[in-house]
Every structure is written in C-alpha cells, then in structure tokens.
1. What pairs come out if I take residues in the range 32-59 that are charged (D, E, K, R) and pair them with residues that are within 11 Å of the ligand (Cβ to nearest atom) and in a helix (DSSP H, G or I) whose C-beta lies under 6 Å away, six or more apart or interchain?
2. Going by the structure shown, is residue 18 surrounded by 15 or more Cβ atoms within 10 Å (Cβ to Cβ), in contact with a helix residue (DSSP H, G or I) (Cβ under 9 Å, 6 or more places away or on another chain), more than 22 Å from residue 129 (Cα to Cα) and of a type in the set (A, V, I, L, M)?
3. Looking at (1) within 11 Å of the ligand (Cβ to nearest atom); (2) without any contact (Cβ under 8 Å) to a residue 24 or more places away in the chain; (3) not small (Gly, Ala, Ser), which is the one condition that is false for residue 134?
4. Of the residues 44, 74, 13, which single one is more than 24 Å from residue 152 (Cβ to Cβ), within 15 Å of the chain's Cα centre (by Cα) and hydrophobic (A, V, I, L, M, F, W, C)?
5. Give just the number: which of (1) farther than 30 Å from residue 5 by Cα; (2) under 15 Å from the mean Cα position of the chain (by Cα) does residue 84 not satisfy?
6. Provide a single number: the residues in the range 110-126 that are part of a helix (DSSP H, G or I) and either away from the ligand (no atom under 15 Å from the Cβ) or not assigned by TED's automatic domain parsing to the domain that holds residue 11 (or both).
7. Find all pairs meeting these conditions: Cβ atoms under 7 angstrom apart; at least six residues apart or on different chains; first residue within the range 93-109 and within 10 Å of the ligand (Cβ to nearest atom); second residue basic (Lys, Arg) and in a loop (DSSP other than H, G, I, E, B).
8. Looking at (1) surrounded by fewer than 16 Cβ atoms within 10 Å (Cβ to Cβ); (2) more than 27 Å from residue 122 (Cα to Cα), which is the one condition that is false for residue 30?
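The values are calculated or read from the model by the stated rules, or taken from the named source; none is laboratory data. Just so it is clear, the structure is predicted and the values come from calculations on it, not from any experiment. Using ideal geometry, Cβ is built from the backbone for each residue, glycine included, and neighbour counts are taken over all protein chains shown.
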Amino acid sequence: MKTLKNLFLNELADMYDAERRVVKALPKMAKAATCEELKNVIHAHTKESEGHVTKLDLVFQAFDEKPRLNKCEATVGLLEEGDEVMVEFNGSPAINAALVSIAQKVEHYEMASYGCLQEWAGLLGNKKAADLLQQILAEEKAANETLTKLARATCNREALGEGEASPKAKVEAKLPSPVRGIRPASGSPDREKVASRK
Ligand SMILES: [Fe+2]
C-alpha cells in the first residue's frame, strides 16, 4: 500500500533532480541576461539552489534514506521551453523580461512542491525535515519576489521599449491600459487596432 511517506519520498527525489537541473541551467540564463542586476540575482539564486541540493541531502538523511533522483519531467519541460524563449528573444529588448518569466515559472513549480513537502514532513512527524524544507521554501519565495520587483522596476519597461524612451513608448504610457498593454479579449474591436499598432 502506497502511503504519504511514499508520496513524500517520490516528490523529494523529484525535487532533488529538479534542483540539480536548475543549478546547471541558471548560469546559461545569467549569461543571456543583459541587465546586470538580473545577472546578479540569477547568480545568487544559483548559489542558493546548490544549497538546496545539500539541504535535500539532509532531508533524505532525516528520514534515514539514501538520496535518490526521480527525473522531474516538469522541470525538464520548463527548462526546454526556457531554452527556446532564450533563443527567440536573444538580442532583443525583451530578453530580460523573458528570462524573468522563465525563472518565475520554475520558482512557482518549486514553491508548490516545497509547500507540499514541508506540510507532509510535518504530518509525518519529522520536524528536522520540515524545518529544512521551510528554509528552502522561504528562499524560493524570496527569489520569486526579487524577480517580480526587478521585472517591474526595469525589465518589463525595457521590453516595452521605454528603456530607450522611444517616442512611441512615451505616447503609449499616456494611453489607457486596455490599449497600452493588456490584450483585449478575442472578438473585441480593439484587438485589430492593437494589432495594427505593431
Ligand atoms: Fe529556485
């Protein structure tokens, strides 16, 4: 009979694999970034992710289990999609916004996974494991918030073209939001207008 402990160990092995993939993928993303602050944030999170691999080792130990890997198909998919986006937006003003979005998709997957793992470790009565998982979860949430702030402060505006203070961006900044940035619902008469503005 499969129980919560089996589910916990499966998911733990999944995240052990995911973090190792993330540690390899983040330096490529830092290299692709043209925003120095984003490069620094990605480098810092690479170090944190290496620490997560170590902490996950300790979580396995807290359950008297040897660390094991379970191929994390979700992370493989997110990183493959990220590779495609990086190639497509390489050299464009939207590259940093694209990188933030790739990183945030990975962060949200990690946050969901660690949220469950931390809860389950508590239910399984393993306080040491629950504490370690809580520490990882807090770092993932903080990294995600830093990315949101950075996107709002620079990357998204740069992607709009406002970084270069183009006349078009200045005019658009004064327009109401449905025309400026939010894609109208399908069938809306504004949709064609927006398309023709490109
Ligand atoms: Fe992360």
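1. 48/139; 50/23; 55/136
2. no
3. With respect to (1) within 11 Å of the ligand (Cβ to nearest atom); (2) without any contact (Cβ under 8 Å) to a residue 24 or more places away in the chain; (3) not small (Gly, Ala, Ser), residue 134 is out only on (1).
4. 74
5. Checking residue 84 against (1) farther than 30 Å from residue 5 by Cα; (2) under 15 Å from the mean Cα position of the chain (by Cα), the one that fails is (2).
6. The number of residues fulfilling the criteria is 6.
7. That search, which allows pairs on different chains as well, returns nothing.
8. Every condition holds for residue 30 apart from (1).
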